[in-house]
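To start, the structure itself, in structure tokens.
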Amino acid sequence: MRRIRQSDKLKHVRYDVRGPILTEAQRLEAEGHKILKLNIGNPAPFGFEAPESILADMIHHLPNAQGYSDGRGIYSARTAVAQYYQSRGLKDCAVEDVIIGNGVSELITMVLQAFVDDGNEILVPAPDYPLWTAAVSLSGGTPVHYRCDEANGWNPDLADIEAKITEHTWALVIINPNNPTGAVYSEKTLRGLVDIARRHQLVVFADEIYEKILFDDAVHHHAATFCGDDVLCLTFSGLSKAYRVCGYRAGWVMISGPKEVAEDFLEGLVLLANMRMCANVPAQHAIQTALGGYQSINELIVPGGRFYDQSKLAWKLLNDIPGVSCVQPHGAMYCFPRLDPEVYPIENDEEFVLDLLRAKKILVTHGTGFNWFEPDHFRLVTLPSEDVLAEAIGRIGDFLATRR
């Protein structure tokens, strides 16, 4: 029989956060091993629960959430999103500028399908959330990775971005707060990024899903606030992380800037929104409650709060391991430590994390899985309780002792 193969469109598509290493972890689990999964930022398995007000509101609206909604989302959710950005200084944001999606992941894919033609180049940070690179490739575009500078707190290297712009460059992706590094960009950095987009007439895609998870004196600035009326900006965010409801799949994209020059693109985006019928309707009813009510995340991101304390502990314990260094995260829920190549001469970081998994039953993600350039990093989720984190990082330290 003729062999049935995957589409050539998947040739350059990878999503290693749930790739071969997870498959090996599942094989080990089937053999009876207990695996500590520190590969995905999913709060629920680690005891983080959704705010009760969100649960109550969804339950209340279930009888009226059985049919399709408007393809762009229910009016109350879109209004709440628009008012949220108005309160953040984007006073021209309106209901028609908002599209609700099944999480940010769906919206990234949908926006890029509407935007990218074959051969278009999209600037994506390295390291990045790998869905951006995969979705650009799947849409027929070419992801071009610009370097974030570890020695400068993982801030984007503006000169590297400038050097990589060509006549085929169409957009600039900004992930802030950053996954996987936990960097939170300053106003100066964001102004520099937007200035590059303005001078080269690039669209800005701002992934801001971690905007509420900030530590110490870190301040989040929306990229859209610096884009004005001459840089088109699409801002992505949602409820998954700050409200601990990853499974509800409730996200949005907000469009700002010179929409009049993007009418054709936006028409295509609405077409795709309508083709998938609508986003999950019950979860859409949670958006207004989440954005307008008491912000329970605030208790978690200050000293004594789990997000805060666990991030600080993981950062300290990783830096205590000989040959390991980790830039302090100022947001999100990850650490992205570096393994000194002089101490750990790793040639294949995917094999390294597979060896760690088999030896210590700890599942992390290798740095090149986030499109980092060298095999000298890995990402660790900081969601487990402090005692579990200490045990896990202790096991990692024991494993690394055998590799020095």
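What is the gain in length, in nm to one decimal, between D118 and K34 on full extension, counting 0.36 nm per residue of separation less the C-alpha to C-alpha distance?
25.8 nm
With the cut-off at 1.5 for a/c, could you classify the range 95-158 from its C-alpha gyration tensor as rounded, prolate or oblate? In terms of gyration-tensor shape, oblate. 3J(HN,Hα) along the range 391-399, derived from phi through the Karplus expression 6.51 cos²θ - 1.76 cosθ + 1.60 where θ = phi - 60°, amounts to 5, 5, 5, x, 5, 4, x, 4, 5 Hz, with x in place of Gly and Pro. Only lysines eight or more places from K316 in sequence, or on another chain, were considered; those with a Cα closer than 29 Å are K34, K37, K188, K212, K241, K360, K361. With both labels modelled 7 Å from their Cα along Cα-to-Cβ, the S76 to Q6 distance reads 4.1 nm. Each Lys and Arg contributes +1 and each Asp and Glu -1, all at the Cβ; summed about the Cα centre of the chain, the dipole is approximately 1020 debye.
Counting only protein heavy atoms and a 1.4 Å probe, the range 16-78 has 58 square angstrom of accessible area per residue. Computed over the range 8-70, the Cα gyration tensor eigenvalues convert (square root of 5λ each) into semi-axes of 34, 22, 11 Å, ordered from largest to smallest. Compared with the alpha-carbon gap, the fully stretched path from T166 to Q83 is longer by 26.2 nm at 0.36 nm per residue.
Mean-square fluctuations from a GNM of the chain, with a 10 angstrom spring cutoff on Cα atoms, peak among G182, G141, G292 at G292. Reported to the nearest whole Å, the Cα centre-to-centre distance from the range 50-107 to the range 235-308 is 7.
Using the alpha-carbon centroid of each, what span in Å lies between the range 382-404 and the range 130-145? Measuring centre to centre over Cα atoms gives 33 Å. Taking only alpha carbon atoms, the range 1-144 gives an Rg to Rh ratio of 1.04, where Rh is the Kirkwood radius. Each residue of the range 199-215 was assigned a 3J(HN,Hα) from its phi angle through the Karplus expression (A = 6.51, B = -1.76, C = 1.60, θ = phi - 60°), giving 5, 10, 6, 9, 7, 9, 10, 10, 8, 10, 4, 9, 4, 9, 9, 10, 10 Hz with x at Gly and Pro.
Considering only alpha-carbon pairs that sit under 8 angstrom and 6 or more positions apart, the relative contact order computed for the chain is 23 percent.
By accessible area, using a 1.4 Å probe on protein heavy atoms only, the chain has 50% of its surface on carbon and sulfur. Note on the range 184-301: Cα-only Rg and Dmax are 16.0, 43 Å. Restricting to Cα atoms and excluding each atom paired with itself, what does the Kirkwood estimate give for the range 288-400 in Å? Answer for the range 288-400: a Kirkwood hydrodynamic radius of 15.0 Å. Just so you know, the Rg over Rh for the chain is 0.96, from Cα atoms, with Rh as the Kirkwood radius. Qualifying GluC sites (Glu not before Pro) in the range 301-362, where qualification requires a DSSP coil assignment and no more than 15 other C-beta atoms within 10 Å, comprise E342, E347.
Within 10 Å of each candidate Cβ there may be at most 10 other Cβ atoms; applying that plus a DSSP loop requirement, which GluC sites (Glu not before Pro) in the range 100-194 survive? List each step's numbers first, then the result.
Working: sites: E106, E121, E150, E162, E167, E187; in loops: E167.
Loop-located and lightly packed - E167.
Under a point spin-label approximation (7 Å from Cα along Cα-to-Cβ), what is the A94-A151 distance to one decimal in nm? Each label point is offset 7 Å from its Cα along the Cβ direction, giving 4.9 nm. Against the chain, whose longest principal axis comes from its Cα atoms, helix 20-30 is set at around 70 degrees. Per-residue ellipticity at 222 nm computed for the chain from its helices equals -11000 deg cm²/dmol, with DSSP H segments shorter than 4 residues left out and the rest contributing -39,500 (n - 2.57). Considering only Q201, Q66, Q83, the mean-square fluctuation computed in a Gaussian network model of the chain, springs between alpha carbons under 10 angstrom, is largest for Q66.
When the Cα positions of L90, P20, V270 are compared along the charge dipole of the chain, P20 comes out farthest toward the positive end, with charges on each C-beta of Lys, Arg, Asp and Glu. Where a ≥ b ≥ c are the square roots of the eigenvalues of the C-alpha gyration tensor, would you call the range 82-188 rounded, which needs a/c under 1.5, or, failing that, prolate if a/b is larger than b/c, or oblate? Oblate, since a/c reaches 1.5 and b/c is not below a/b. Go through the range 11-66 and name the GluC sites (Glu not before Pro) that are in a DSSP coil and have 10 or fewer other Cβ atoms within 10 Å of their Cβ. In loop regions of the range 11-66 (DSSP not H, G, I, E or B), the sparsely surrounded GluC sites (Glu not before Pro) are E31.
The values are calculated or read from the model by the stated rules, or taken from the named source; none is laboratory data. In this text the structure is predicted, and so the values were computed from the model without any measurement. Every residue, glycine among them, receives a Cβ derived from its backbone with ideal geometry; neighbour counts consider all protein chains shown. Please note that ligands, DNA and RNA were not included when accessible areas were found on the heavy atoms of the full protein model with its side chains. Shrake-Rupley method; radii C 1.70, N 1.55, O 1.52, S 1.80 Å.
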